Amino acid sequence: MSDIVEKTLTALPGLFLQNQPGGGPAAAKASFSSRLGGLVRGITALTSKHEEEKLIQQELSSLKATVSAPTTTLKMMKECMVRLIYCEMLGYDASFGYIHAIKLAQQGNLLEKRVGYLAVSLFLHENHELLLLLVNTVVKDLQSTNLVEVCMALTVVSQIFPREMIPAVLPLIEDKLQHSKEIVRRKAVLALYKFHLIAPNQVQHIHIKFRRALCDRDVGVMAASLHIYLRMIKENSSGYKDLTGSFVTILKQVVGGKLPVDFNYHSVPAPWLQIQLLRILGLLGKDDQRTSELMYDVLDESLRRAELNHNVTYAILFECVHTIYSIYPKSELLEKAAKCIGKFVLSPRINLKYLGLKALTYVIQQDPTLALQHQMTIIECLDHPDPIIKRETLELLYRITNAQNITVIVQKMLEYLHQSKEEYVIVNLVGKIAELAEKYAPDNAWFIQTMNAVFSVGGDVMHPDIPNNFLRLLAEGFDDETEDQQLRLYAVQSYLTLLDVENVFYPQRFLQVMSWVLGEYSYLLDKETPEEVITKLYKLLMNDSISSETKAWLIAAVTKLTPQAHSSHIVKRLIQEFTVSLDTCMRQHAFELKHLHENVELMKNLLPVDKSCEDMVVDASLSFLDGFVAEGLSQGAAPYKPHHQRQEEKLSQEKVLNFEPYGLSFSSPGFTGRQSPAGISLGSDISGNSAETGLKETNSLKLEGIKKLWGKEGYLPKKESKTGDESETPPIPQESTIMENVDQALTKKDQSQVVTQSKEEKEKQLLASSLFVGLGSDNTISLLGKADTVSHKFRKKSKVKETKSGEMTSVHNMTCSSFSSLSNVAYEGDYYLNTLQDRGDKELKKFSLNSELLDSESLTELPLVEKLSNCSLSTPSLFDDNNMEIFHPPQSTAASVAKEICLASSLLEETTEYIHSNLTEVCNNETISVSSYKIWKDDCLLMVWSVTNKSGLELKSANLEIFPAENFKITEQPGCCLPVVEAESTKTFQYSVQMEKPFTEENLSGFLNYHMMDTHSVQLEFSINLSLLDFIRPLKISTEDFGKLWLSFANDVKQNIKMSESQADLPSALKTLQQKLRLHVIDIIGNEGLLACQLLPSIPGLLHCRVHADVLALWFRSSCSTLPDYLLYQCQKVMEGS
Amino acid sequence: MPSGSPPHSNTASLPEHSDGGFPSAAAAAAGQAQPLQRPAAAMQFMLLFSRQGKLRLQKWYVPLSDKEKKKITRELVQTVLARKPKMCSFLEWRDLKIVYKRYASLYFCCAIEDQDNELITLEIIHRYVELLDKYFGSVCELDIIFNFEKAYFILDEFLLGGEVQETSKKNVLKAIEQADLLQEVRYLFS
């Protein structure tokens, strides 16, 4: 048969339409007239890939000739297109035909157009340039009176359409939403869905039309609109809560079988629709009790109705369970859902079992007892022949790992790891093992061995954070110094044993870890001398399979060990060997070692033992070179100008614009890489040890702080988990008691079965008991949160938290260091105090410190100071009774103020997550005192007014109102309308304030209205000064993002400020900006600093500053035209003020 | 948005108006040139291939380069064919979920995201097979090989842009027949 094909292919193009002789009977149904048939049959007959390639190339070249020939009719073109699609599917390039596909869609009749559109949608992707040529055709077809043409155009638009051409077709498609045919309306909705995906802002104005589509009389159109709603609700669930009722009603109708029978699938009513609705409900009901309550009934009904034993029923059940666990919990439903999960897990059908495991993984954190129920099934799944089941089981185990079962679980994970070859799996699993090992490792030996396994398997594919974290953990240690030393010693010993094994190749990253550890901690060894270690490292260095990067690590280790060694024989050999190395880097290192080696004293000073965590003092200004520079200048050398300055000068001379991206001008590496000869050795050493120590240097400061301030008893801003706990705890007690019973029943059953159990069974039981230890009802709660309070020595905080608290701590550190020079020290101080609140003596410290601060700093708040010191009477050790006599305050006032302070502290406790100002009295009379403070929340400014009733009488209908101000948007927080203020009590009113447009300072005023004993109404007015700074928050972005944002902003302002002596260097200037203006310091590059902030709600402001002698050059940019000016004003005020 | 920023040669010859800054239009254009990360569709792609590993149909709902498509196809075909018949119909592959099912000599294989519902995807495959069966009348692999464009037409009426467009079997087939019929008529008279 292949002969026939060969012949046809070489035949004249005139034979093009000639019929092919039929193939076997198998091809009987295929169209005989098509050349495609011939091609397909030809290919099937071939035996080798090479032959196929030859045939297709021939086919393609004949096609190329045909499509470009002017005589080719559209009908022939259609034929060619089909064959081109086929060739592309086989993996050959047919790009020459793309343009013809577009032409065919444009010019052909319906038959040809359809193939043309199909070819376009298969050939092109949405960013393809040729797609622009299709726009006209689409526009024309959308306006056609032929239904089929309109449908074809809509189909292609829903698949691929150039984003920038959406406006050209959008009005046409909007019109189609009112088309009389439901198929057109449905396709139009899907086209709009597509637009929403690729350019959401372009379809924003037609959201109202989506609602109409949702109410369409045709089920298909309504179902199509759900795609849009699912997506929009995923992005912002709060905006669509009002639709919950509608979705619930639709689902009820669907479940109740009210839809046309057409939509049934295997006698289940519209399963796709049901699942889509369940998903939407899950998103809407998340963390929202009121909305969730609306859907309990329909969820219950869905669970009940899905009883058929068919895949599609299980699909609905699965989605139902997912939704029930997503929304605000209801114990009845949770119980049913748990039963459902059980059905899945115990099912003999493997697909259902898999989904059962997946569901368990999802719910396990909310309800760990479920895992206990199914422990035997889980054990079986661990040894399942299908790797996918195994993997899902491991994922489940990963979620229930605790200090007691870690060894068994990690062992199972390692077993799986050794079998798998897929890179993605390895990276994923290795990361999990490392995470668990750091969190829960039971002892040193286990930890080091597990990490060894991680490094040798994960090798060079794992995330670079893993070795970095591991080294940091080793270097920084924990609270117990002897423990730390043992861990390090164990690591050193284990690496030496590993290196003794012959003919084993370790991944480069592992070798790097080893060399760093050996270099740092070999001094802990008793038996082995440094020489022996150096010999081993030397052997590695001579190995050809080792990369030059690893060699740099190795030689750095040797350098560290050299001062400890007594005989330098081997080191000398090494120097000899590598000073003539062809690798420049290695030669450099060798020379450094050589020179250092000549001066042992210097070397010992330079490389002290076990000092990897110590801060390194670097003279970044290179002041020791001043003499050298002066000499150069006196000999007539030009003064040095930084790179960007030279560039700017060059630009201003040439009077052309700089088209290089802004970010590039910051490219100077390290400190002063190319400024001085001393810089070279600093820079070149970076690949080895100093990179590590450099890392240490920047991190050590933060980490010390974490332990002090952000520890277990410290202040941990974890609002989410807190609310999560609250919402999850209610069902737990009932659940756990039930589970306890089940558990007991299980153990009883186990006991009765002991006699009959086979040995294998026993093993499984054993495994189960070791795996699920710590999951029992006693520990349920600990898993839900308290587990974290158990102190594990290898505990590591999650990265996000770490960096966050790191930043916060550094702020705090700065506060401490420059305590007295700050004017806003009060809030910082308060902030500091909050972290101490849990200590037993918090009251004492709070008041005494506060008064101290206020005494020295804020004279304006003197009255409050007096009150405060008054209050500290309760702490007799500090103030004796005589003090009270001095102030002579009226007794009642003192009492009320004391209460006020109490209240303030209680309020503060609630709001410890946010920084806030001091409580200041804004107005008062004999009965009432109004105080206020600001809470600088991340997303808004929260103003709190607390109204204290000093009198012994009850006040009626107290009402606080804020005058509307044009620059603010003020929203009342719920729960603050109080008709009655009881005697001698305090109530608070909360308002969140948003800024409408920028300003420098503005007054916010209001009044308090109350009735006293129903007699007369009293009105008290007050006002508060708000400044722009109240609405500025740090904006945490990366340097890269800064560069991008910088380019995209048009409004900029530049200004030079002269600085006083005390702050004439960049760090202190940045510190001031960070503390007083709440700008976030992104990066410091040489003498330039990058900062960013945002003006609430979300206007970014960027600042680039540079220090020249005593001049600070500020350059602001923002998307808002006025913000840079205001920021500059504030900056000037701050810089000149301090 | 302006339809295009002025060419650089023009801006360069403008008189100096900013000390080293960027002309705002060009800067704005540079900012917008960053392609937005497009959220992926519910279904990422669908592949049909034979027991011999020959691709019979491919539909991509996410934009990928030809090279990536080829790589993904090769890897997936290998992985799926290596699986034993009693094994689970789902696969984790990179960060995607693969749902596959074999019908006679053809494998139907869909990629979805991890949080999607695997079982309903399996039913999507089944519904597609039902549609093919109804259209061709007890469909076999050869029908799809020789009339793959028809198979694509049916798929496009059932799934659009990775989402289920129409679940009613009757409606899908009606739409196809309508297009076919109009074509036939034109065909006869042309």
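The values are calculated or read from the model by the stated rules, or taken from the named source; none is laboratory data. Quantities reported herein were computed from a predicted structural model and do not represent experimental measurements. In this analysis, Cβ positions are derived from the backbone assuming ideal geometry, glycine residues included, and neighbour counts consider all displayed protein chains.
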If we ask which residues in the range A:299-310 are outside any loop (DSSP other than H, G, I, E, B) and more than 16 Å from residue A:335 (Cα to Cα), their number turns out to be 1
Looking at the range A:244-266, can you tell me whether even one residue there is within 28 Å of the chain's Cα centre (by Cα) and within 9 Å of chain B (Cβ to nearest Cβ)? no
Is it fair to say residue B:42 is at pLDDT 90 or above and small (Gly, Ala, Ser)? no
I'd like the residue in the range A:253-283 that is of a type in the set (D, E, K, R) and outside any loop (DSSP other than H, G, I, E, B) and, out of all such residues, is surrounded by the fewest Cβ atoms within 10 Å (Cβ to Cβ). A:262
Being within 21 Å of residue A:470 (Cα to Cα) and modelled with pLDDT of 90 or more: is that true of residue A:417 here? no
Just the residues that are out of contact with any Pro (no Cβ under 9 Å at 6 or more places or on another chain) and among the polar types (S, T, N, Q), please, taken from the range A:1034-1052. A:1038, A:1039, A:1048
Just give me the residues in the range A:189-241 being acidic (Asp, Glu) and in a helix (DSSP H, G or I), in sequence order. A:235
Residues of the range B:154-177 classified as at the interface with chain A (Cβ under 7 Å from one of its Cβ atoms) and closer than 17 Å to residue A:148 by Cβ, total: 6
Unique match (being farther than 20 Å from residue A:254 by Cα and either within 11 Å of another protein chain (Cβ to nearest Cβ) or of a type in the set (A, V, I, L, M, F, W, C) (or both)) among A:355, A:284, A:308, A:299: A:355
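The rows are residues; the columns are (1) crowded, with 17+ Cβ neighbours inside 10 Å; (2) at pLDDT below 70; (3) not acidic (Asp, Glu).
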| position | (1), (2), (3) |
| --- | --- |
| A:939 | no, no, no |
| A:948 | yes, no, yes |
| A:960 | yes, no, yes |
| A:980 | no, yes, yes |
Can you find, within the range A:1008-1060, the residue that is surrounded by the fewest Cβ atoms within 10 Å (Cβ to Cβ) among those that are within 14 Å of chain B (Cβ to nearest Cβ) and among the acidic types (Asp, Glu)? A:1040
Look through the range A:101-113, keep the residues that are under 27 Å from residue B:47 (Cα atoms) and more than 10 Å from every other protein chain (Cβ to nearest Cβ), and return whichever of them is surrounded by the fewest Cβ atoms within 10 Å (Cβ to Cβ). A:102
Of the residues that make up the range A:1087-1099, is at least one more than 30 Å from residue A:967 (Cα to Cα) and surrounded by fewer than 21 Cβ atoms within 10 Å (Cβ to Cβ)? yes
Search the range A:114-142 for residues being within 11 Å of chain B (Cβ to nearest Cβ) and among the charged types (D, E, K, R), and hand back the single one that is surrounded by the most Cβ atoms within 10 Å (Cβ to Cβ). A:114
Within the range A:480-579, which helices (runs of 4 or more DSSP H) (wholly inside it) include 2 or more residues that are charged (D, E, K, R), buried (at least 18 other Cβ atoms within 10 Å of the Cβ) and under 43 Å from the mean Cα position of the chain (by Cα)? A:481-500, A:508-521, A:548-561
Can you say whether residue A:1110 is surrounded by fewer than 17 Cβ atoms within 10 Å (Cβ to Cβ) and at pLDDT 80 or above, as far as the supplied structure shows? no
What's the number of the condition residue A:229 fails, among (1) at negative phi; (2) more than 14 Å from chain B (Cβ to nearest Cβ); (3) not hydrophobic (A, V, I, L, M, F, W, C)? (2)
Do you know which residues across the range A:305-324 are surrounded by 16 or more Cβ atoms within 10 Å (Cβ to Cβ) and over 23 Å from residue B:90 (Cα atoms)? A:305, A:324
Looking at A:183, A:173, which is the one that is closer than 21 Å to residue A:110 by Cα, away from every other protein chain (no Cβ under 12 Å) and surrounded by 18 or more Cβ atoms within 10 Å (Cβ to Cβ)? A:173
State which residue pairs qualify: first residue more than 8 Å from chain B (Cβ to nearest Cβ) and inside the range A:381-393, second residue part of a loop (DSSP other than H, G, I, E, B) in any location, beta carbons under 7 Å apart, and separation of 6 or more residues or different chains. A:390/A:384
If you scan the range A:454-479, which residues turn out to be buried (at least 20 other Cβ atoms within 10 Å of the Cβ) and within 21 Å of residue A:422 (Cβ to Cβ)? A:454, A:455, A:458, A:462, A:466
I'd like to verify a number: residues in the range A:404-456 that are away from chain B (no Cβ under 14 Å) and not in a helix (DSSP H, G or I), how many? 5
